[in-house]
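What follows is calculated from the coordinates using simple rules that are stated; it is not laboratory data. All of these numbers come straight from a predicted model, not from anything done at the bench. So basically every Cβ, Gly included, is an ideal-geometry build from the backbone, and we count neighbours across all protein chains shown.
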């Protein structure tokens, strides 16, 4: 729990006749993190890999076609749950799937094409109607203007040519209105889109259309435009509904089959992923991977069962592997914590994944993060609101996703705020309702600042301790002493803290303390290269000369000292944001007092209180979260975090659609 899970490397040699069953066993287990054997052992570069042949490319093609069919028909993919049947997909199976896809594609091609055409026409006609509707009140036709996308034509055409015009524009988002008759001519109004204006002009020219200026008569007759558009839109909507019913029927008839085919291909893709890691000899296959130490017996037993005992299984701890010792091979990292710590594990992973041998800071991150959040956002009422929101998002929705993790984090932060709200005696900013169990921040500002500083000292000191431990665990012994967070710097830091504390208590700082805990360690840090050369029994090497070394060492020492001072002072923000939280309450209550005596003051007071509290929860909650994460990442993790770990990613069932590759 305080370090990543112990891992073992497993190396397996299996006969060709049993390799398919072994691959199925690996997928069924979902425990093995496979690795490229070439990256582990140089001799494996001369071995051939598994040859999937034509089946891989054919599977990919059919999967793509099935995915498109499912998208067009609105069919959801099935999850690959543990216990899903793992069956080989043969070329015969792929042929059957391909014939099914061919038949279904031909069947739905017409309805899909007609649906797309109807949707496009409907969308464009509705856009026309939306523009025409408000202009009806002003009288149509509309004059030409740069602010419309409509193309309007008003004039006369011979009566026998009206049907010709209507027929020509039938496939276009356009409307022809016969407003009245004049002898052998019809007075018409044609409304189309400017994008189709060249086509419309050609059609009108062919029909011998005679444009006329807009007059009062046209304005009286133009009210029919809206009705004509509505009729055409209603017809298109009926057509769209009929097509949707037809597509729904096809979905009901073929949905189960296509979803099952898709899941079978995804399971087969998992098997091919496993086989992609295999290396081949004349009659056997070899593969290598990593498993949690606690799963060793289970994996060995299942592989031997699948291979009918015809396999050689070798399990090694990282300490037994030369590549791991040399730093050439990385052990995958699995962080395993109780469910409470999962949201904090997410935040740690956002910063980076720790190396295999070092301390996993998740638990310490959780404790310090909640403490800082509670101190900065300490209020019973606000904490209860935040906890309630987090309870719904994280626990009551019944979904395990990233949103649920954020919800659980909000719930834990809300509980911490409630605890510190009781300690501070604050309920929605009202400090008279309950007594404080610890202190009132605004009445104990200097004391609160001291608490924040000493809390920061504890966090930074913990980071230094972790750095020393990590350096020893990964055998970087020199770094454990001379690093920016090594033992020497720790002595300087703690000596400085003691000296400042004595000075602030108006007592003289002992000279011995300054000499032995501050001055001597600074000199040792300054003389790092000569000391390391003496320990290594070699001549000191100053690459750019002694003068440059003195200058660089001086800058480095000063930078470390100033850095630790800045890191420590940064924790004042814990108290500062808590006081800002109280200050926002004071501002809200001041506004309430200003409006109470005025007309409608009660209503305004309630609105200010409600909106003010919502604003404080949203704004201050976000700011406090950012500040707490910043202090964790820069002031805590910056001291010890050894990133660059490789995530443990086993291949197996139980993956969501689209996540298996």
Throw me the Rg/Rh for the range 547-661, computed over C-alpha atoms with Kirkwood Rh, two decimals.
1.27
Got the relative contact order for the chain handy, in percent, Cα pairs under 8 Å and 6 or more residues apart?
22
Mean Cβ neighbour count within 10 Å, used as a protection proxy, ranking 259-268, 443-452 highest first:
259-268, 443-452
Across the chain, what fraction of all alpha-carbon pairs, as a whole percent, falls in each successive 10 Å bin from zero upward?
3, 10, 13, 13, 14, 15, 14, 10, 6, 2, 1, 0
Can you tell me the FRET efficiency between residue 237 and residue 160 if r is taken as the Cβ-Cβ distance and R0 is 25 Å, rounded to the nearest 0.05?
0.20
Calculated from DSSP helices alone, with each H run of at least 4 adding -39500 (n - 2.57) and the total divided by the residues of the chain, [θ]222 nm to the nearest 500 comes to -19500 deg cm²/dmol
With angles folded into 0 to 90 degrees, how steeply does helix 362-376 sit against the dominant principal axis of the chain? Use alpha carbons for both and round to 10.
80
Estimated inter-spin distance, residue 439 and residue 117, nm [label 7 Å along Cα→Cβ]:
7.9
For the pair residue 322/residue 594, report the inter-label distance in nm, with labels modelled 7 Å from Cα in the Cβ direction.
7.8
Only bridges whose two residues both fall in the chain count here: according to DSSP, what percent of them are antiparallel, nearest 5?
95
Alpha-carbon centroids, the range 237-302 and the range 486-536: separation in whole Å:
62
Can you give me the C-alpha center-to-center distance between the range 83-126 and the range 335-401, rounded to a whole angstrom?
44
Between 0 and 90°, nearest 10: helix 197-206 axis offset from the chain longest Cα axis:
10
For 344, 526, which order do you get if you count the other beta carbons within 10 Å of each Cβ and list the fewest first?
526, 344
Can you give me the distance in nm between label points at residue 315 and residue 87, each placed 7 Å from the Cα along the Cα-to-Cβ direction?
3.3
Stokes-Einstein D for the range 294-425 at 10 °C, 1.306 mPa s, Kirkwood Rh over Cα pairs, in µm²/s?
88
Taking 2.2 N^0.38 Å as the expected size of a compact globular protein, what ratio does the Cα radius of gyration of the range 442-554 give against it, to two decimals?
1.33
Reciprocal mean inverse distance between Cα atoms of the range 374-432 - Kirkwood radius, Å:
11.2
Theoretical gain in end-to-end length, residue 126 to residue 367 [0.36 nm per residue, Cα-Cα removed]
81.0 nm
